[in-house]
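Okay, so here's the structure we're looking at.
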Amino acid sequence: MEKWENDVKDYVNGPLPDQIEKRIQSTFHQLPRKKKKPVWMYSVAAAVIAFSILVGGSFLSPAFADTLKGIPIIGSLFEKFGDEGIQHAEKEGLGTPMYEVIDIEGKTVTFTKYIYDGSRIALEFKVDPYESFYPDHQRPYDIFGIVNKFFVNGELLQNPKLNIQSTKMPDGSIVGVMKLSPDESLPKAFNLRFKSDYTWVKEDGQIEVKRNIDTNTVVLDKTFKSDEITLTYEDVSVSPLTTSVNIKAKIKTKLWEEEHFDFQVIDSNGNVLGNIPTGFGGPIYDGYLHVDIKQFFNPIEHDSEFITIRPYLLNHDIFHEDSTQYSKKWTEEPMTLSQGELGDIKVLDVNQQGDEVKVTFQPLGEFPHLQNDVYVSHTEQPNFYGYEDISEVEYVNGEPQFTLTVRGFPKKGDMYIGTRKREVAPTVLEEFEITVPLTD
């Protein structure tokens, strides 16, 4: 893994070796391509876009698949850009190679692999170099953002929940991973078709998808009620890619306006599964919010015998930015910072290489996914230096950890690690908690 990380750093941040450049270009330009189709697309404002498009059809030969794996980055896009579930499935060799080359307003896109477990779909892609007035961090949203309708066997997906992670390569191409996490139940095999509302888009694309990961679904159909909340647990599905929970909820409108409703999923080893952000909502009538919740989480460990679903309420005041900020000077030794009612965090390590700083810290409270609000600064007060990224919660020797990455951080003077003290904590709805056995 360490060698792979070094290869990725060298390839993304350093000059591209001539032999690798030649190999990539030779691979992609010598392959027998289908007749190209003019398809959808134009530019679109990308500030809030989480949209992707899915295209495909024919599959790679084993020889071509092996060739792709031999190319740095191209062979490990799921591992580099996927979430924890995608990375897990990739390491187990569960992806299916494919090959589809399409034109999008003169831009060439190649799809090379997909993973599908009956709930979520992930695809690897490469976009050939192209000219754009959009900055690098907004690509390839300027060519993918126009597709806004997805059909499964001719039926429109009402909430496809699309997301894309990518990077620009030294040769100007864009490589990354697309994810589709719809609310609707999906069949084992289907035709996925994408379209655009824009009138100048004359053709659409489609891909044949077959489930390539086994999924264990536990039907629950259990209802819990109070005066303000009714929850019906419909089913739980687990696979090497995803843990998904389906719930029908009826929540009193006044409560919904004051409190954020959510839930944790905890495995039998005590690990709180990372939440794959999707969000949910629904109509309000008769004084209640009525919503079908399909929430995705990271996969469970193989030895987990059960999971516990723990609903909770969180007052919206926790998100107010006027909560107390404070910091401590980093002295090369682990230190503890309080986050108020959420609990403490323990800063384990701070490492700077060039203008990139990585802060590794451990959340010590009961809700680790809420404890990732950390910053690094040269002064006691926070300063914005450049790009910031926070990892998903990871478990190291059974303990949760986060890594904060800040790029564009000047190497000078003292370093302070800071956070916020929150005045409210989640309220666990113990009467709605349920444990689901995963073994016979």
Next on the checklist: List pairs: first residue in region 234-259 and closer than 15 Å to E301 by Cα and polar (S, T, N, Q), second residue modelled with pLDDT of 95 or more and surrounded by fewer than 17 Cβ atoms within 10 Å (Cβ to Cβ) anywhere in the structure, Cβ distance under 7 angstrom, at least six positions apart or on different chains.
Outcome noted: none
Checklist entry - Looking only at strands (runs of 3 or more DSSP E) that fall completely inside region 276-372, which ones have 3 or more residues that are under 19 Å from F402 (Cβ atoms), of a type outside the set (A, V, I, L, M) and without any contact (Cβ under 8 Å) to a residue 60 or more places away in the chain? => result 344-353, 356-363
Checklist entry - Hey, which of the strands (runs of 3 or more DSSP E) in region 155-255, taking only ones fully inside, have at least 1 residues that are modelled with pLDDT under 90, surrounded by 13 or more Cβ atoms within 10 Å (Cβ to Cβ) and more than 26 Å from the chain's Cα centre (by Cα)? => result none
Item to check | For G270: the one exception among (1) modelled with pLDDT under 95; (2) part of a strand (DSSP E or B) | outcome: (2)
Next on the checklist: So F64 passes all but one of these: (1) out of contact with any Lys or Arg (no Cβ under 8 Å at 6 or more places or on another chain); (2) at pLDDT 90 or above. Which condition number does it fail?
Outcome noted: (2)
Item to check | Filter result for the condition that a residue is touching a helix residue (DSSP H, G or I) at 6+ places or on another chain (Cβ under 7 Å) and closer than 30 Å to K222 by Cα, over V393, V436 | outcome: V393
Item to check | Verdict on V152 being in contact with a strand residue (DSSP E or B) (Cβ under 6 Å, 6 or more places away or on another chain), at pLDDT 90 or above and not polar (S, T, N, Q) | outcome: yes
Checklist outcome for this item: For S391, the lone unmet condition from (1) modelled with pLDDT under 90; (2) hydroxyl-bearing (S, T, Y); (3) more than 20 Å from the chain's Cα centre (by Cα) is (3)
Item to check | From the options Y134, Y130, Y114, residue that is closer than 22 Å to S181 by Cβ and either at pLDDT 90 or above or part of a loop (DSSP other than H, G, I, E, B) (or both) | outcome: Y114
Item to check | Subset of region 158-174 (residues that are in contact with a helix residue (DSSP H, G or I) (Cβ under 8 Å, 6 or more places away or on another chain) and without any contact (Cβ under 8 Å) to a residue 40 or more places away in the chain) | outcome: K168
Checklist outcome for this item: In region 279-305, residues that are closer than 18 Å to E392 by Cα and surrounded by fewer than 17 Cβ atoms within 10 Å (Cβ to Cβ) total 2
Checklist entry - Taking only pairs six or more apart or across chains, which ones have beta-carbon atoms under 9 Å, a first residue in region 417-437 that is free of Cβ contacts under 8 Å to residues at least 12 places away in the same chain, and a second residue that is assigned to a strand (DSSP E or B) and surrounded by fewer than 16 Cβ atoms within 10 Å (Cβ to Cβ)? => result none
Next on the checklist: Please go through region 86-135 and give me each residue that is out of contact with any helix residue (DSSP H, G or I) (no Cβ under 9 Å at 6 or more places or on another chain), of a type outside the set (A, V, I, L, M, F, W, C) and within 22 Å of P187 (Cβ to Cβ), ordered by number.
Outcome noted: T96, E100, Y114, Y116, G118, S119
Next on the checklist: It is to be established whether one or more residues within region 400-415 are surrounded by 15 or more Cβ atoms within 10 Å (Cβ to Cβ), polar (S, T, N, Q) and at pLDDT below 85.
Outcome noted: no
Checklist entry - Regarding R407, is this residue of a type in the set (K, R) and within 21 Å of the chain's Cα centre (by Cα)? => result yes
Checklist outcome for this item: Scanning region 343-379 for residues that are within 11 Å of I417 (Cβ to Cβ) and among the β-branched types (V, I, T) gives I345, V347, V350, V357, V359, T360, V374, V376
Checklist outcome for this item: Among residues of region 416-428 being surrounded by fewer than 18 Cβ atoms within 10 Å (Cβ to Cβ) and modelled with pLDDT of 90 or more, the residue nearest to E259 (Cα to Cα) is T427
Checklist outcome for this item: How many residues of region 410-440 are more than 28 Å from the chain's Cα centre (by Cα) and under 18 Å from G365 (Cβ atoms)? The answer is 2
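The values are calculated or read from the model by the stated rules, or taken from the named source; none is laboratory data. Small disclaimer: the values here were computed from a predicted structure and weren't measured. So basically every Cβ, Gly included, is an ideal-geometry build from the backbone, and we count neighbours across all protein chains shown.
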